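Notes for the one structure printed next.
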Amino acid sequence: ILGSDQAWCRTADLLDLTRGRILELQRNHLDTLRLLSRSDFATNPRYQIEKDPERSGCFFSARGSVPFQAADHPVIWRRRSRRDAGFFTPVRTRVRKGIPKTEPRGQWSGRLGFILAATGSAIGLGNLWKFPYITHENDGGAFVLVYIAMVALVGVPIMMAEILMGRRTQQSPVGAFKTMAAGKPGGQAWQGVGWLGVLAGFTIMYNYSVVAGWTIHFTWLALTGQLSELATDASALGSYFGDEFLASGSQQIFYHVLFMGLTTGAVFFGVKGGIERVAKVLMPLLFVILLVMVLWSSTTAGFGEAIHFLFEPDFSTLTMGAILEALGHACFTLSLGMGAMLTYGSYIGRDISIPRAALQISFLDTLIALMACVIMFSIINTSGIEVAKSATILFTTIPTVLVKLPGAGLINALFYVLIGFAALTSTISLLEVVSSYAID
Ligand code: PFF
């Protein structure tokens, strides 16, 4: 629209425009741009939208001066092709070192896409691997209650703040902090917080994906029948896991690289084509598989004891360390403090209610963590094995019980595939923080 007073665009782009996506961009630079609200757009006689009978789109015309322009932050309408003069599409722009840089910013296809992707980020090894073992370490009941309180009182508000910052600024963490603090005293220093997020996300991703890679190895062991053999003797499985598998550097690297390959693939295909597509299939599947396992575990002898352990608080066992661990885990499990929710929030529009989304994501995350605990402790109690309080119960104890079920190979495989999927939707969000920063 620069230099012209009429442009053609696809109906979808126009909808974006009227929905406020472009308008939101302008909001970041309020000082230089006039903000147009949606109703402004509809009622202002300077704008006209006409259907184009030749193409399935609309003419958008602006009469008089064109407000979509500012000295240093123009919203550029890029021409689709050289021949197609007048066919423009709005693209997001950033000006860096005086050179206008245009980059279309991805968006979720809708509310569900965002909720599933953000829930996918939240639900991962933190829920299925870490939460059960720290609950075991901290003696259940009271710890679980404190953890739920931390999620509600600390996690939900921080999540709302992160998503809001992303949506408001339409940028990755570094840029978001920079934009929000611009013009304030000491404002520049705030981008350091964004940097911490990118660094923390990057560091965690490289530990997280090593553990996530173990699930691929265990799926393979289960499918080839090797796990069933190993799992008949708990100590044999324990020593295989600790002395052989973990001690093999080449295997650790191999599975780590494989897992990072899957993550990179999903991130490469972008917000809608990769991340959202993966999450839309995997998250419901994960929930159904877990639900089936909870129902199955309710038929086991150890189920009642597991429920008592998890939901009957005994505050005499609660330590200060446990309270801190509950707080730390609430942030980790909700993917907070690393810019993941902020980045995902930068792909949403104004039609999404952030408090509602934060509550839904936190509820689903807590529900899955508790379901994982019910399954795990029912299995442990039923087995009657004295399980050491360790981080490896998921890989050393659970198979020894699952192996007794009919179709053990398949059940074990399904179990590890599920954990791998949950981890994948989380590593995707960790990598997205880094890649969105690079793209921005
Ligand atoms: N929330 C994920 C889990 O519970 O496994 C881990 C995680 C993902 C943490 C993304 C931080 C993050 F940015």
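What follows draws every value from the coordinates through simple rules; no lab data is involved. The structure displayed is predicted, hence computed values, not measured ones. Glycine gets a Cβ as well: all are built from the backbone with ideal geometry, and neighbour counts include every protein chain shown.
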| Label-point separation in nm, R350 to Y206, each point 7 Å along Cα→Cβ | 4.2
| If you take the beta carbon distance between I411 and M320 as r and set R0 to 41 Å, what does 1/(1 + (r/R0)^6) give as a FRET efficiency, to the nearest 0.05? | 0.55
| message | Longer than 32 Å from Cα to Cα, which of K184/K280; K130/K272; K272/K404; K130/K280 are they? Say none if no pair is. | response | K184/K280; K272/K404
| task | For T232 and L246, compute 0.36 nm times the residue count separating them, minus their Cα-Cα distance, and round to one decimal in nm. | result | 3.0 nm
| So how far apart, in nm, are the two label points at F311 and I253 if each is 7 Å from Cα heading toward Cβ? | 4.9
| task | Please work out the C-alpha center-to-center distance from the range 308-384 to the range 181-218 and express it in whole Å. | result | 19
| Tell me, in nm to one decimal, what length is gained between A152 and K404 on full extension, where the rule is 0.36 nm per residue of separation less the Cα-Cα distance? | 86.9 nm
| note | A student applying the Cα gyration tensor rule (rounded when a/c is under 1.5; otherwise prolate if a/b is larger than b/c, oblate if not) would label the range 120-228 oblate
| request: Would you mind calculating the gained length between V292 and R111 on full extension (0.36 nm times residue separation, minus the Cα-Cα distance), in nm to one decimal? | output: 62.5 nm
